[in-house]
2 protein chains.
Amino acid sequence: MQGRVEVSDDTLTARQKDVLDAALGLLVEGGDALTMTGVARRASCSKETLYKWFGDRDGLLTATVQWQASKVRVAPVTREGLNAKSLFTSLEGFARDWLTVLSGEISVTLNRIAITHAATGKSDLGAIVLTNGPFAMARRLKPVLEIGREAGLLSFKDTDEAFRTFFGLVVRDMQIRLLLGDRLELTEAAIARDAERATQQFFALYGATSETAAGKDAGGNTRKGIPHARLL
Amino acid sequence: MQGRVEVSDDTLTARQKDVLDAALGLLVEGGDALTMTGVARRASCSKETLYKWFGDRDGLLTATVQWQASKVRVAPVTREGLNAKSLFTSLEGFARDWLTVLSGEISVTLNRIAITHAATGKSDLGAIVLTNGPFAMARRLKPVLEIGREAGLLSFKDTDEAFRTFFGLVVRDMQIRLLLGDRLELTEAAIARDAERATQQFFALYGATSETAAGKDAGGNTRKGIPHARLL
DNA sequence: GCCGAACCGTAACGTACGGTACGGTAGAAA
DNA sequence: TTTCTACCGTACCGTACGTTACGGTTCGGC
């Protein structure tokens, strides 16, 4: 009867969440080959109920993506006690989390679904993933960057430009390769290494001074400092 | 009868190329909603001929992607007369070309198709696009980077790492946003600006000296030099 | 002119799947 | 107990589309 409401953590009954989790599982397993009959069987519910709750197949798909998106909770930014080292660590941790999420099966699957549907322009799955993906990343990261700038640790004119550069340094060609099916072994150690490298490079480009902030204080938390703007 | 051969410029008759171009046009217009009937009508050929030539729908899709890929010709790298300025210009032009291709409708469409099919694992469209996309970019760019290193203009240990960083600086979040349907107005001027910024940043990170190569000689071709590792 | 190959146009088949209808059941309300 | 609601399971319908089959046409070779 309802068929198309905003999906979030508390607008759904437990049973509905079960159904959406079943759909999510089928999506991850079988790609886009999701059938209403399959979901009904997996969730032990009737197709009639699916249509009553979600309207049609697109509604179910949309609700599933939103449901998964609503699961991702972001840690708030600590504004106090900021110095070069804590800023570096914060960005590095951010990069690590982001790479971990992006390389996960669920992220790859949902991005694929959304891209597939963005081609037809029918549903707005693309916009949803965009909102909960890159845009959410920007919303979360930009305050950190601006706080770093206010503290004199970073230097940039355009926050969006700085963010997008950080995005590029972190993600590089990883996501498109995963989406295209490249087998890309990503161990936790490799991700940590990538996150550190990306953060070092970002500081090399946007650090307020090329000697202190990025090099000595921040970069030297676990390993070598950054020799000017040269890495590796 | 044949149904599944390698598709390149000269293994196809002119008539077959016409058919593939028709398929390409339908793909760009209608996303993945490509039907055999539609291709036959658009190309004024019979479905029987389609099946005789390409085997099945996947074969047609694969041939179409390969056909488009075979159209992209890369300019050979000039090894002679290399200096910081020409290297900068070369990388910058490379970035501009790449951004222009990536933001084009055909690229977006084919990447979407390939990603869609990579989900099912059925056809190897993902591998094809991967080969003719990021991997081709790497094959083309890496020699340039290594020549630059041999000439003492660049400094890096791992060519692949340097390439992937360049990729990240150039593409950033542009491709994923386009794939997800984000309306992203990309004028020629904006692309040129992005290409220059990315190249400057790359030189800031990997230039052999942070003062001469990237800053004065190369970066100063049209606009301001690079103040150490700080941009903007 | 005749033949066969290649091809066009279209009709037809099979099937998978989205969507609907309906009978049956459990539980809460009255 | 009755009744209403929500749900399950399943059978069913309509359609879109991949795939095949077939009659008719063009064209190069002899």
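The values are calculated or read from the model by the stated rules, or taken from the named source; none is laboratory data. Treat the numbers as computed from the prediction; the structure is a model and nothing was measured. FYI the Cβ positions are ideal-geometry reconstructions off the backbone, even for glycines, and counts take in every protein chain you see. With ligands, DNA and RNA removed, areas are computed over all heavy atoms of the protein, side chains included. Shrake-Rupley method; radii C 1.70, N 1.55, O 1.52, S 1.80 Å.
The set of residues from the range A:19-33 being farther than 17 Å from residue A:107 by Cβ and surrounded by 15 or more Cβ atoms within 10 Å (Cβ to Cβ) comprises A:19, A:22. If you go through the range A:31-43 and keep only what is more than 9 Å from DNA strand C (Cβ to nearest atom) and closer than 13 Å to residue A:61 by Cβ, you end up with A:31, A:32.
The set of residues from the range B:37-49 being modelled with pLDDT of 90 or more and surrounded by 15 or more Cβ atoms within 10 Å (Cβ to Cβ) comprises B:38, B:39, B:40, B:42, B:45. Checking every residue in the range B:146-159 against the condition of being closer than 16 Å to residue B:98 by Cβ and of a type outside the set (Gly, Ala, Ser) gives zero matches.
Each residue in the range B:171-180 was checked for being facing another protein chain (nearest Cβ under 7 Å) and assigned to a helix (DSSP H, G or I), and 5 pass. What residue, among those in the range B:86-123 that are among the polar types (S, T, N, Q) and in a loop (DSSP other than H, G, I, E, B), is nearest to residue B:196 (Cα to Cα)? The extreme case among them is B:103.
Condition check for residue B:160 on (1) crowded, with 17+ Cβ neighbours inside 10 Å; (2) part of a helix (DSSP H, G or I); (3) of a type outside the set (Val, Ile, Thr): one failure, at (1). Tally time: how many residues in the range B:181-210 are over 25 Å from residue B:160 (Cα atoms), among the acidic types (Asp, Glu) and part of a helix (DSSP H, G or I)? Qualifying residue count for the region: 1. Among all positions in the range A:57-66, there is no residue which is closer than 27 Å to residue A:149 by Cα and either modelled with pLDDT of 90 or more or away from DNA strand C (no atom under 16 Å from the Cβ) (or both).
Hey, does the range A:97-105 have a residue that's within 11 Å of DNA strand C (Cβ to nearest atom) and among the aromatic types (Phe, Trp, Tyr)?
Residues of the range A:97-105 within 11 Å of DNA strand C (Cβ to nearest atom): none.
No, because not a single residue in the range A:97-105 is within 11 Å of DNA strand C (Cβ to nearest atom) and among the aromatic types (Phe, Trp, Tyr).
Just to check your reading of the model, which residue among A:104, A:126, A:168, A:148 is within 19 Å of the chain's Cα centre (by Cα) and more than 10 Å from chain B (Cβ to nearest Cβ)? Lay out the reasoning, then the answer.
Numbers: A:126 fails: more than 10 Å from chain B (Cβ to nearest Cβ); A:168 fails: more than 10 Å from chain B (Cβ to nearest Cβ); A:148 fails: within 19 Å of the chain's Cα centre (by Cα).
A:104 is the lone residue from the list that is within 19 Å of the chain's Cα centre (by Cα) and more than 10 Å from chain B (Cβ to nearest Cβ).
Does residue B:93 qualify as being away from DNA strand D (no atom under 16 Å from the Cβ), at pLDDT 90 or above and not hydrophobic (A, V, I, L, M, F, W, C)? Yes, satisfied. Only one of the numbered conditions (1) more than 17 Å from the chain's Cα centre (by Cα); (2) of a type outside the set (S, T, N, Q); (3) more than 9 Å from every other protein chain (Cβ to nearest Cβ) is violated by residue A:98, and that is (1).
Anything in the range A:106-154 that is open to solvent by 50 Å² or more (accessible area, probe 1.4 Å) and of a type in the set (S, T, N, Q)? List them, or say none.
Here is the first cut: in the range A:106-154, the residues open to solvent by 50 Å² or more (accessible area, probe 1.4 Å) are A:106, A:120-122, A:124, A:127, A:131-132, A:135, A:139-140, A:142-143, A:146, A:149-151.
Result: A:120, A:131, A:132.
Once the range B:6-30 is narrowed to residues that are of a type in the set (Val, Ile, Thr) and farther than 26 Å from residue A:119 by Cα, the residue that is farthest from DNA strand C (Cβ to nearest atom) is B:11. Can you confirm whether the range A:50-67 contains a residue that is without any contact (Cβ under 8 Å) to a residue 24 or more places away in the chain and in the same structural domain as residue A:170 (by TED's automatic domain parsing)? No, every residue in the range A:50-67 fails to be without any contact (Cβ under 8 Å) to a residue 24 or more places away in the chain and in the same structural domain as residue A:170 (by TED's automatic domain parsing).
Which ones in the range A:50-67 are surrounded by 21 or more Cβ atoms within 10 Å (Cβ to Cβ) and within 12 Å of DNA strand D (Cβ to nearest atom)? Selection gives A:50, A:53, A:54.
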